[in-house]
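Below: one structure, written as structure tokens.
The values are calculated or read from the model by the stated rules, or taken from the named source; none is laboratory data. Everything numeric in this text was worked out from a predicted model, so none of it was measured. Cβ coordinates were reconstructed from backbone atoms using ideal geometry, including for glycine residues, and neighbour counts include every protein chain displayed. These accessible areas exclude ligands, DNA and RNA; they are computed on the full protein's heavy atoms, side chains included. Shrake-Rupley method; radii C 1.70, N 1.55, O 1.52, S 1.80 Å.
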Amino acid sequence: MACPVCREGGARLFASVGGRDYLRCEICQATFLHPDQLPSREVEQNEYGQHRNRPADPAYRAFLAQLAGPLLQRLAPGRAGLDYGCGPGPALAAMLQEAGHCVTLYDPFFHIDPRALEARYDFITCTEVVEHFHQPAREFARLAALLKPGGLLAIQTYLQTDDARFARWNYRRDLTHVVFYREETFLRIARRHDWIMEIPARNVVFLTRETPSPPLIYDDGA
């Protein structure tokens, strides 16, 4: 089976847990749920609707500060960004706006705005988003097309590091978490899109584009 993240290699069965089969890419080391077992849109909508991530919640803001802190250190004043997969309570966008940046919202469930995907941005944030991607290669191609030259894609997700604990890992137990990344996975993604990768904080990945952006016709996987 082709890897949905890097499209470079095949995948083998890695683990079967609770009736769910996870595969591991031999090239990029991504671990992903078998495509036949991906959750339906209805299951995802129900799960996301139970999230209680309020923009004013100090604990939630502290969690997001793991990404927001190093990101704000790198941004010049008044940059234009996109909070991709912002969810029903876009706390990160509020934090960045309070710091003087302009942030557009997009979410396939809660902020469906096609116009947000017709512009280019100085930065894009994906906090607790990429693990939900059913078609990761397609999504990263879309994000690459939305970044300006020199733009920064800031990702926050728990990196999968301990195979022995995978079955018991709480992060895996979320039914909408369907792909798990390692540092090697992001290195492969970076090479594919001519990005420079760095890890400024635990479970935070920055991908910077130094070459011109591709046309705003992203790879649809066809």
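Kirkwood hydrodynamic radius for the chain: how many Å is it when counted over pairs of different Cα atoms? Each step should come with its number before you reach the end.
Values: mean 1/r = 0.0561 Å⁻¹.
Every distinct Cα pair counted, the radius reaches 17.8 Å.
Taking the Cα centre of region 99-152 as origin, sum charge times position over the Cβ atoms of Lys and Arg (+1) and Asp and Glu (-1), and report the length of that vector in debye to the nearest 20.
Values: 5 positive and 7 negative charges, 50 e Å.
Taking the Cα centre of region 99-152 as origin, the dipole is about 240 debye.
Say each of I199 and R120 gets a label point 7 Å from the Cα, pointing the same way as Cα to Cβ; how far apart are those two points in nm?
Going from the I199 label point to the R120 one covers 3.1 nm.
Could you give the Stokes-Einstein D for region 58-121 in µm² per second, using the C-alpha Kirkwood radius, 10 °C, 1.306 mPa s?
D, rounded to a whole number, is 130 µm²/s.
Helix 183-193 versus the longest principal axis of the chain: what angle, 0 to 90°, nearest 10, using Cα atoms?
Here the helix axis deviates by roughly 60 degrees.
Can you compute the charge dipole magnitude of region 1-131 about its Cα centre, using +1 on each Lys and Arg Cβ and -1 on each Asp and Glu Cβ, nothing else charged? Give it in debye, rounded to the nearest 20. Could the numbers behind the result be given before it?
On the way: 12 positive and 16 negative charges, 55 e Å.
Around 260 debye, computed over region 1-131.
Could you give the nm distance between label points at V17 and Q50, where each point is 7 Å from its Cα heading toward the beta carbon?
Going from the V17 label point to the Q50 one covers 1.7 nm.
Work out the FRET efficiency for R41 and A76 from their Cβ-Cβ distance, taking R0 = 41 Å, and round it to the nearest 0.05. Provide the component values of the computation, followed by the final result.
On the way: r = 38 Å, r/R0 = 0.93.
Here the calculated transfer efficiency is 0.60.
Expressed as a whole percentage, what fraction of the accessible surface of the chain belongs to carbon and sulfur atoms when a 1.4 Å probe is rolled over the protein heavy atoms? Don't jump to the answer; show the numbers that get you there.
Values: 5270 of 10470 Å².
The value for the chain is 50 percent carbon and sulfur by accessible area.
Provide the per residue accessible area, probe 1.4 Å, for region 95-222, rounded to a whole number of square angstrom.
46 Å²
Compute from the Cα atoms of region 140-185 the Rg and the Dmax, the latter being the longest Cα-Cα distance, and quote both in angstrom.
14.0, 41
Considering only A59, L33, L117, whose Cα is most displaced toward the positive end of the charge dipole of the chain, charges sitting on Cβ of Lys, Arg (+1) and Asp, Glu (-1)?
Going by the Cα projections, it comes out as A59.
Connecting C-alpha atoms closer than 10 Å in a GNM of the chain, tell me which of P149, P114, P90 has the biggest fluctuation.
Judging by the Gaussian network model, the answer is P114.
Bin by bin, in steps of 10 Å, what percent of the Cα pairs in region 1-89 do you find, going until the bin that has the longest distance?
P(r) for region 1-89, in whole percents per bin: 13, 26, 29, 28, 4.
In whole Å, largest first, what are the principal axis extents of the Cα atoms in region 97-222?
Sorted largest first, the three principal extents are 42, 40, 31 Å.
Tell me whether region 30-73 comes out rounded, prolate or oblate; compute the Cα gyration tensor, take square roots of the eigenvalues as a ≥ b ≥ c, and use a/c under 1.5 as the rounded threshold.
Taking the square roots of the gyration eigenvalues as a ≥ b ≥ c, region 30-73 is oblate.
Return the tail of the calculated pair distribution for region 1-45, meaning the percent of Cα-Cα pairs more than 13 Å apart.
Working: 529 of 990 pairs.
Looking at region 1-45, the distances longer than 13 Å represent 53 percent of pairs.
About the Cα centre, and with charges only on the beta carbon of Lys, Arg (+1) and Asp, Glu (-1), how big is the dipole of the chain? Nearest 20 debye, please. Walk me through the numbers on the way to the answer.
Numbers: 25 positive and 27 negative charges, 59 e Å.
Charge dipole, the chain, about its Cα centre: 280 debye, nearest 20.
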